[in-house]
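Every read-out reported here was derived from the displayed coordinates using simple, explicitly stated rules and does not represent laboratory data. Computed from a prediction, not measured in an experiment: that's the story for all the values here. With ideal geometry, Cβ positions are generated from the backbone for all residues, glycine too; neighbour counts draw on all protein chains shown.
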Amino acid sequence: MINKSSRLNSKIFEKDIEMVANRQGYGEGLVAAGEKDEKVVVLSADLKESTRSILFEERFPERYIEVGVAEQALATLAAGMANYGKIPFISSYAAFSPGRNWEQIRTTIALNDVPVKIAGAHAGLTVGPDGATHQMLEDISIMRAMPNMIVVNPCDCLEAKKATMEAAKNGKPTYLRFAREKTPVFTSDDTPFKIGRVETFWESKDPQVAIIACGPLVYEALLAAKELEKKGIESLVINCHTIKPLDEQAIIRAAKTTGAVVTVEENQITGGLGGAVAEVLAKNFPTPMEFIGMPDSFGESGAPDELLEKYKMKSKDIIEAVKRVLGRKSS
Amino acid sequence: MTIEELEKKANEIRKDIIKMLLAAGSGHSAGPLGMADVFTALYFEILNIDPKKPDWPERDRLILSSGHIAPVLYATMAHRGFFPISKLKTLRKLGSGLQGHPERTKLIGIETTSGPLGSGLAQAAGYAYAARMDGARFRVFCLTSDAEHQEGNHWEAVAFAGKYNLSNLTCIVDRNNIQISGHTEDIMPLEPLEDKYKAFNWHVIGIDGHNMEEIIDAVNQARAVYEKPTVIIAHTIPGKGVDFMEYDFKWHGAVPGAADIPGEPPKAEQAKIALAQLRTLGGKIKSEHE
């Protein structure tokens, strides 16, 4: 059942639940962070509208900097600004930033240890019709591999706003991952959020499996948990919005409690959230696992939902993965 | 300092570069030797800095983009008093602040981390833009190699600085015409470099990068330009001061004493000959001995 202390939206499983893209939360978070701290500046590579950086530009035009379609400069200009003392957020699509400018981020932001916030919008399969070129599915993996980098993939618009505001204060290089599509707003203003700490959204009395998810697919995981409950399978759903630093203790605890883990992400299975969880468990508490995510493949054009169906990232696929992992559990 | 004192200081720095590289056993020789005059002029005459207060907020900022010429940066900083000259021999050694390429978090006084080419000017431009937002008075200098003008990231920054009229930014190009595998105009031509910068709304000055007066005058001229950024294209001789290294791209990524190179002095003699030549400062100093 839903963990009451997570204070999720009471309409969570209703048909008319509000749908908002989590990138909107980024835009709102930028404005809120900008109000709190005048050191916050926002740079955009010709994508202010779709990254929602436009909200910041409207409120603080003097602190908004347009750099043109130049993602390498986007990262390196921001590195210089952060080195001086600003708190720059850089906005583009994840395929280009951190996709194209990964080395610049590595050298001038992460190794340099300056607090630039990289916002990768339109990440994941659900960019849809734009096709494989724009469906960034490797960003969690490449950013997680980078020392000094914090990696956060918020589950909805409200969490995106909280993550943006917290990133403005953390003093560290930080990657924030957002999606294009409207997705259910299933948390609330009161849902706890702290970078680096998981939240258990679904907690049954005697859970047999832990579903560890990030991004908007956390909602699919909750839908799966609800269906599984009807079938008599009790579970945990853990919102693991921070892929790095991973909340290792909570993940080990969940594995010990359940003895089976399914990870869910809109990223390559290779090196993503699933990889991160597997690394921790292999060392501390080897546990049977199943992985929902992109199976070493590029995407293609299609409607977002069609793509999630085709690449098996829907709640029914999570249910199947749960059944598989339960079958592998040693009794 | 007088011009002559600056020239002597640059020569001291060149000698230390040879000694550092000999001790390190790897690194780059031609670029550091070629830029010793520019670095000396900057650190001893031009930059508003205080080695005792490396974090002083009003200091001028020097962003080294071509991180592979770090030995000249380190040697100049040591001579200027940022750290003891004795530390220079730790270049590229385990635990040293003098990393093979400069790292901001490893050595006090380093303004940014660099090495991968083409990313310095953008950092300097971002720095200058942010400083101007706050009305800061200091100037931002960026030192780039010529070959890193083959990088797209660099031109993105040239466009940005031109668009936003960053007059508090000065870029100094080490135009030595060589890169690791040949001459720039053979590998990928850069000319007409001055025209390219002009087309991007930059003020352009070309100088002899070994003439102290020209270096200092050019920077003063850049200070006076208030409506656009300035680029100083410093024509330098790679390997300057050591005859067998001068103009020779083989010494871009090689160091004295590490290997026998066809057509060059034997490795055991390379550093000795280089230091002997540098002692006389191209014949200007007759009586100095080590």
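What are the residues in the range A:49-76 that are within 25 Å of the chain's Cα centre (by Cα), more than 25 Å from A:LEU125 (Cα to Cα) and at the interface with another protein chain (Cβ under 8 Å from one of its Cβ atoms), if any?
Result: A:ALA73, A:THR76.
How many residues does the range B:117-138 contain that are facing another protein chain (nearest Cβ under 9 Å), in a loop (DSSP other than H, G, I, E, B) and surrounded by 19 or more Cβ atoms within 10 Å (Cβ to Cβ)?
Total meeting the criteria: 2.
Of all residues in the range B:201-227, how many are surrounded by 18 or more Cβ atoms within 10 Å (Cβ to Cβ) and of a type outside the set (A, V, I, L, M)?
Of the residues in that region, 5 qualify.
Out of all the residues in the range A:49-66, is one or more of a type in the set (S, T, N, Q) and not in a loop (DSSP other than H, G, I, E, B)?
no
In the range A:77-94, what residues are polar (S, T, N, Q), under 17 Å from A:ALA167 (Cβ atoms) and at the interface with chain B (Cβ under 10 Å from one of its Cβ atoms)?
Result: no residue meets the conditions.
Sort through B:GLY67, B:GLY95 and tell me the only one that's small (Gly, Ala, Ser) and under 18 Å from the mean Cα position of the chain (by Cα).
None of the others qualify; the one that does is B:GLY67.
Condition first: polar (S, T, N, Q), surrounded by fewer than 24 Cβ atoms within 10 Å (Cβ to Cβ) and assigned to a strand (DSSP E or B). Can you find one or more residues in the range A:268-276 that meet it?
Checked against the condition, which is being polar (S, T, N, Q), surrounded by fewer than 24 Cβ atoms within 10 Å (Cβ to Cβ) and assigned to a strand (DSSP E or B), the range A:268-276 yields at least one hit.
Going by the structure shown, is B:SER181 surrounded by fewer than 24 Cβ atoms within 10 Å (Cβ to Cβ), in contact (Cβ under 8 Å) with a residue 60 or more places away in the chain, on the phi < 0 side of the Ramachandran plot and small (Gly, Ala, Ser)?
Yes: the conditions hold for B:SER181.
Every residue in the range A:1-33 that is under 23 Å from A:HIS122 (Cα atoms) and either aliphatic (A, V, I, L, M) or over 20 Å from the mean Cα position of the chain (by Cα) (or both), please.
Of everything in the range A:1-33, those that are under 23 Å from A:HIS122 (Cα atoms) and either aliphatic (A, V, I, L, M) or over 20 Å from the mean Cα position of the chain (by Cα) (or both) turn out to be A:ILE17, A:MET19, A:VAL20, A:ALA21, A:LEU30, A:VAL31, A:ALA32, A:ALA33.
Report whether or not A:THR126 is of a type in the set (Val, Ile, Thr) and away from chain B (no Cβ under 14 Å).
Yes; evaluated as a whole, the condition is true for this residue.
Which one is surrounded by the most Cβ atoms within 10 Å (Cβ to Cβ) among residues in the range A:83-124 that are in a helix (DSSP H, G or I) and touching a Lys or Arg at 6+ places or on another chain (Cβ under 9 Å)?
A:ASN83
Does A:ASP247 satisfy being more than 21 Å from A:GLU199 (Cβ to Cβ) and within 21 Å of the chain's Cα centre (by Cα)?
no
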